[in-house]
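All remarks here apply to the structure that follows.
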Amino acid sequence: MHINHLHRWDLTPPQAIALQKEMAGRIVYDRALNFESIRYVAGVDVSVRRDESSGRDMSQAAVVVLSYPDLTLVEAVTARQPTPFPYIPGLLSFREGPALIAAFEMLQLEPDALIFDGMGRAHPRRMGIASHIGLWLEKPTIGCGKTLLTGRHSEPASARGSSADLVDRGEVVGVALRTRDNVKSVYISPGHQIDLASAVELVLRCTTKYRLPEPIRYAHNTAGQF
């Protein structure tokens, strides 16, 4: 698939923050998804593990592609490399991005939309990993986070599909979404080239009997196999 190599990854934290602020203005948050055109949905995740022999953290990125709407696994790729950046909340994409780009470079199928284990617009600088990598891929991307990074929300109703706006500094940046009856919410936000309503609908369409959408479940399991 085509990848825009937009910048270096070997930045200091202050440089990374400055780059996020600059890139945030390029994000498209108001594009409705054409569900009729979707054939493949990808799930994206990264697992980090300490390599005892070298004493270094290693990152394994996984990109899995599922057919849509039947959600059958059709391709899975992984890329492993030393973790290049410390864990700093809000700068996840600089820790996971290099391995993810290496994985995307191996992908044979072209996904029509991608769901990331992480945030999109629901980020202090509106540049979560789904937004950041979305700019590199120029594809509709969605952030699906398990824990809150920024903003506040009321508690959604207990039924599947219920949601509550996630508000940060007076701006709706995503929703807390109930993907199954009586389970803990996940945090959905648009990444790039998609609006919030489409992001929520695709996540629900890709969620079956578990809390997490199937593309994320497959990606998480694949990334952890090392």
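No lab work stands behind these numbers, since they all come straight from the coordinates. Predicted model, so just to flag it, every value in this text is computed and none were measured. No Cβ is skipped: glycine too gets one built from the backbone with ideal geometry, and neighbour counts run over all protein chains shown.
Straight-line reach from K184: which lysines have Cα under 24 Å away, leaving out those fewer than 8 places along the same chain? Candidates past the 8-residue exclusion: K146, K209. Apply the a/c threshold of 1.5 to the C-alpha gyration tensor of the stretch 33-142 and tell me whether it is rounded, prolate or oblate. The shape class here is oblate. Each of (i) 48; (ii) 39; (iii) 34 is a candidate for percent of Cα pairs over 25 Å apart; the one calculated from this structure is (iii). Estimated from helical segments only, the mean residue ellipticity of the chain at 222 nm is -7500 deg cm²/dmol, where each DSSP H run of four or more residues counts as -39500 (n - 2.57).
For the listed peptides 123-132, 51-60, a ranking on the average number of other beta carbons within 10 Å per residue, highest first, reads 123-132, 51-60. Projecting label points 7 angstrom from Cα along Cα→Cβ for E138 and A197 puts them 2.7 nm apart. Footprinting exposure proxy ranking of Y87, Y187, Y40, fewest other C-beta atoms within 10 angstrom first, gives Y87, Y40, Y187.
Among residues other than M127 with Cβ under 15 Å from its Cβ, the summed charge is +3 (Lys and Arg +1, Asp and Glu -1). One equal scatterer on each Cα of the stretch 100-174, no solvent, Debye formula: the resulting log10 I(q)/I(0) at q = 0.13 Å⁻¹ is -0.45. Computed from backbone phi with θ = phi - 60° and the Karplus coefficients 6.51, -1.76 and 1.60, the 3J(HN,Hα) list for the stretch 107-113 is 5, 8, 7, 9, x, 8, 8 Hz; x is used for glycine and proline.
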